[in-house]
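Working notes, structure below.
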Amino acid sequence: MLTEEQKRRIKELHEKGLSRNKIARELGISWDTVNRVLKSANFNKSKDLLDKTENFREEFERKSRIFEYEVELKRMGEEITREKELADEYRLYKLEILEKKVDWVIKNIEGCDEEINAENKDGIQRDDWSSLQGDC
């Protein structure tokens with residue numbers, strides 16, 4: 001006859017997922033004894049399989065949701081990276097345009113300097129810019 005402690009231990013090991021054979025070996029009792037205890041406690045294989053299947057399904061769904069979140073985060077990260085690249089390209093484009101404008105202004109100022117220097121030879125003071133503003 002089994003003690004209540006042994007019966008409790010059989011149920012505990014079974015709930016942890018150990019097979020009836022492993023429980024019998026661990027406790028040094030027959031498989032038939034383990035089976036009787038579990039049957040008397042309304043433990044049966046179909047209920048165990050349903051529970052395990054349900055646990056597996058829940059775990060699978062949880063991992064699937066985690067995977068979907070990871071995929072979405074990766075996609076969002078790729079979008080952010082692409083937006084940063086586009087912003088950098090746009091900044092470079094704007095910088096190139098600005099450089100061209102600066103070059104154009106410098107080129108035109110250099111042309112005005114040559115005109116001013118040529119006119120300075122004719123006696124116009126360098127401080128007298130007002131007469132040349134319309135030309136350059």
Which listed pairs, of Lys16/Lys63; Lys7/Lys52; Lys11/Lys52, have C-alpha distances above 19 Å, in listed order = Lys16/Lys63; Lys7/Lys52
Quick one: if the Förster radius is 22 Å, what FRET efficiency do Lys11 and Phe60 give, using the C-beta to C-beta distance and rounding to 0.05?
-> 0.25
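Quick note: the coordinates plus some simple rules give every number you see, no bench work behind them. Predicted, not measured: the structure shown is a model, and the values here were computed from it. Positions of Cβ are generated from backbone atoms using ideal geometry, with glycine treated the same way; all protein chains shown enter the neighbour counts.
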